[in-house]
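Read through the structure below, which is laid out as structure tokens, and then see the notes.
The values are calculated or read from the model by the stated rules, or taken from the named source; none is laboratory data. In this text the structure is predicted, and so the values were computed from the model without any measurement. Neighbour counts run over all protein chains shown; Cβ positions are idealised from the backbone, glycine included.
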Amino acid sequence: MSRSAYVLATQLLAAVLLVACAGSGGYQPRAEVALLDIRPRPAQDGEPRYGLTLGIQNPGAVQLPLAGLSWRIAIDGREFAWGVSRQAVIVPAHSEAVLELEVAGGAADALRTDRGAYRLHYDLTGELGLADSAARLPFGTSGALDWRPADVQQQGAR
């Protein structure tokens, strides 16, 4: 084989490999999830309940059709709540969506009501389920938000 034929064959093989590798990776969806709010709700059967607001941000160039999620929240280092939801939502490209969840606070003492309003430090982990796919998008984030127990919220409204 002549030198020019060898160089041409090597370049052709490199081009084929490059195209094959680029095609196999495909688009990898991703999402950012944050805890936006926690609100006390009326207790049910003596168990405290809370409304959670999660924000889901899609930084990608295509929409994310979500079929549900599983999640866990720790507050100030203590496990607070966990759960699953089959709530479906489509998060448009380069946009965000909001999910409202209601949960029983298994470790409600993580939200201390004895000191009025204060800052909650949270760790939120879980997975988002994609519609029409077995794929799951894991997420994990930490942050802080201001929280006011129900009695403090009512006093502020007077």
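Among what's in segment 88-112 and is crowded, with 16+ Cβ neighbours inside 10 Å and over 22 Å from residue 127 (Cβ atoms), pick the residue that is modelled with the lowest pLDDT.
Per the criteria, the residue is 108.
Can you pull out the residues in segment 30-80 that are of a type in the set (A, V, I, L, M, F, W, C) and touching a Phe, Trp or Tyr at 6+ places or on another chain (Cβ under 7 Å)?
Listed by number, the residues that qualify are 31, 33, 35, 38, 62, 71, 73, 74, 75.
Which of the residues spanning segment 76-87 are under 15 Å from the mean Cα position of the chain (by Cα) and surrounded by 13 or more Cβ atoms within 10 Å (Cβ to Cβ)?
Passing the criteria: 81, 82, 83, 84, 85, 87.
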